[in-house]
Every structure is written in structure tokens, then in C-alpha cells.
Amino acid sequence: MRSAKYVHGYSDREASRLNDQADTLDDIIHNDTIFPIGSYVLEAGCGVGAQTKIIAPKNPHSSFMSIDVSEDSITEAKKLVKSLEIKNVEFKQADIYNLPFESETFDCVIICFVLEHLHNPVQALNELKRVLKKGGTMIAIEGDHGSAFFYPDSQCAHLAIECQIRLQGQNGGNSNIGRELYPLLKSVGLLDVSVTPRMVYVDSSKPKLVEGFIKNTFTAMIEGIGEQAIKQGIIDPLTFKKGVKDLYRTAESDGVFSYTFFKGFGTKK
Ligand SMILES: C[S@@+](CC[C@H](N)C(=O)[O-])C[C@H]1O[C@@H](n2cnc3c(N)ncnc32)[C@H](O)[C@@H]1O
């Protein structure tokens, strides 16, 4: 089953973008994704397994149940995990809003880059909390497109980013959800909520991030929604093309790019 409302779609290019994103951001967002030994962990919205392939090997003594609403993504994720000989993950096609699990099944829940796509993140978090055991930990990780700044600055690049924010909003999502993680996690009654910003700062002294983040993660994401944005008349083709070109320009030797992700932890009482 495919979710028609997922703004980035399910193309091979998007799968490859998600994998680049996860590989590039491993140290920044998953340095502390460590679960207690023996934990049973729900990964909600695993997509093609881009995060799964990082967090499962990091936690060899935990077992994972990774779910996604897209059956095709689950098929891809299974293939990926099998090819990497990762043995501690089981996959299931399921909807975050209506999870096929008994209450208090999991020791920990992790959701990464998914809440931004949901029309009702509070409902989703409540459902995730339902399946979390008392005393268990919920982890949520999200980006925030309002946090992007770069050199050389470019009005066209900001307008191109704005297209993504608008399209995601039209689909019921929120590209600027990172800044809301703390109130969101509090609103579902989680305790000991703490959120930390995870800033990705890139200049040409960090060639891996130039390729993996500026080009293959962020600019590829903006480039990917161009057709939709132009078709809907949100932006004219020339401005969009210049915006994307200017984003790639920030990857040159004198360019700088910064973006902040947010990672939240909360405990179920
Ligand atoms: C940006 S992708 C992130 C995938 C993965 N967590 C990662 O970081 O690579 C968002 C994923 O959320 C999934 N998704 C959206 N709505 C969902 C729902 N209601 N239930 C389960 N998964 C959902 C989409 O199918 C997609 O695979």
C-alpha cells in the first residue's frame, strides 16, 4: 500500500536520498541511539530501512520491529537488511495511527523523519505511546526547514525551499516540525522530555558532508519537488531552477550550509 500523501514519493531516487541522508547523519543524530540490552524496539515509519540499517547494528542485543505504511518500502527495507546480514529486525506493513500491537508491547519506540509528514502527529504519538511499556523511552527525530541558512545567500534558493514547505503543508505535513518536538512530546504526557538540536554545519573542509548532506540530502530533496511545485504554479520554472543551482553553489569551495535537526527523548510514566 502506498501513502498518496507522502510528498517525496517512493521513487528509487528518493530511496537513494534517504540512504545518503541516514549514512551522512549517523554520527549527528544516532550517536546516542543506544537502547538498553535486551530491548524490544518499535521503529515507526522505517521507509526503505535507511535508519534501520544504522540503529539495528548499533544495538545488537536489542530486537527491532520496523513498520511502514508502504508495502513497497517494507520490501526494499527487507532486501537491504538481508543483504547486510542484519538479523535483529522484523518488518511489518502497518499504519502508525492504528498499530497492530497490544498496548505496552515495546521497551522503546523510535520515529525518525516521519512526524513531519503526518496530518495528526499528536494522534500518532499517542498511538506510539499506547504500545510503549510503562517506563519505556520514546525517541523522535525531525528536521526543520526554517533552520536552513547558507552562503552565498540566495532569495531564489529560499523560494525553492519555501515550495517544499508549502507542498508538505498542503499534504497535511509540517516541514518546520523540529522546533515543535518539545511541546509535542509533552502534549502526549511523556515525562522527562528533553530535546537537543543537532546542527549540521558544512563547509568545504568536510567533503563527506558537502556530498552527502548539501548535495545528496538537502538539495536533492528540494530538486525532487520541483515538478509538483511548478505544475501547481507555486513557483516559476526559472526561479526554481536558479534556486536549486544556488543551493548546489553552496557546495563549492567557498560555500557554507547549515541545517538543524532536533532529537527528543521522553519516558512513559
Ligand atoms: C521521510 S520517510 C522516512 C523513512 C525513514 N524513517 C528514514 O528516515 O529513512 C517517511 C516514511 O513515513 C512513512 N509513513 C507516512 N505515513 C505513515 C503512516 N501513517 N504509518 C506508517 N508509516 C507512514 C512513509 O511511508 C515513509 O516511508
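The values are calculated or read from the model by the stated rules, or taken from the named source; none is laboratory data. This structure is a prediction, so every number in the text was calculated from the model and none was measured. Heads up, the Cβs are rebuilt from the backbone with ideal geometry, glycines too, and the neighbour counts pull from every protein chain shown. SASA here: full protein model, heavy atoms, side chains in, ligands and nucleic acids out. Shrake-Rupley method; radii C 1.70, N 1.55, O 1.52, S 1.80 Å.
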Checking Met221 against (1) in contact with a Phe, Trp or Tyr (Cβ under 6 Å, 6 or more places away or on another chain); (2) more than 18 Å from Val256 (Cβ to Cβ): exactly one of these is not met. Which one?
(1)
Can you tell me how many residues in region 116-132 are within 8 Å of the ligand (Cβ to nearest atom) and either part of a helix (DSSP H, G or I) or among the small types (Gly, Ala, Ser) (or both)?
3
Do you know which residues across region 54-71 are farther than 18 Å from Ala94 by Cα and open to solvent by less than 10 Å² (accessible area, probe 1.4 Å)?
Ile55, Ala56, Asn59, Ser62
One residue from Leu42, Leu25 being of a type outside the set (S, T, N, Q), under 12 Å from the mean Cα position of the chain (by Cα) and modelled with pLDDT of 85 or more:
Leu25
So Gly264 passes all but one of these: (1) closer than 17 Å to Phe149 by Cα; (2) crowded, with 19+ Cβ neighbours inside 10 Å; (3) in contact (Cβ under 8 Å) with a residue 40 or more places away in the chain. Which condition number does it fail?
(1)
By residue number, the members of region 35-51 that are within 16 Å of the ligand (Cβ to nearest atom) and among the polar types (S, T, N, Q) are Gln51
Of all residues in region 234-261, how many are open to solvent by less than 30 Å² (accessible area, probe 1.4 Å), in a helix (DSSP H, G or I) and closer than 19 Å to Ser204 by Cβ?
2
Starting from residues that are among the hydroxyl-bearing types (Ser, Thr, Tyr) and open to solvent by 30 Å² or more (accessible area, probe 1.4 Å), keep the ones in region 72-115 and report whichever is nearest to the ligand (Cβ to nearest atom).
Tyr97
Open to solvent by 50 Å² or more (accessible area, probe 1.4 Å), of a type outside the set (A, V, I, L, M, F, W, C), in a helix (DSSP H, G or I) and within 13 Å of the ligand (Cβ to nearest atom), is that true of Thr24?
no
Considering only region 122-149, how many residues are more than 21 Å from the chain's Cα centre (by Cα) and exposed (fewer than 15 other Cβ atoms within 10 Å of the Cβ)?
2
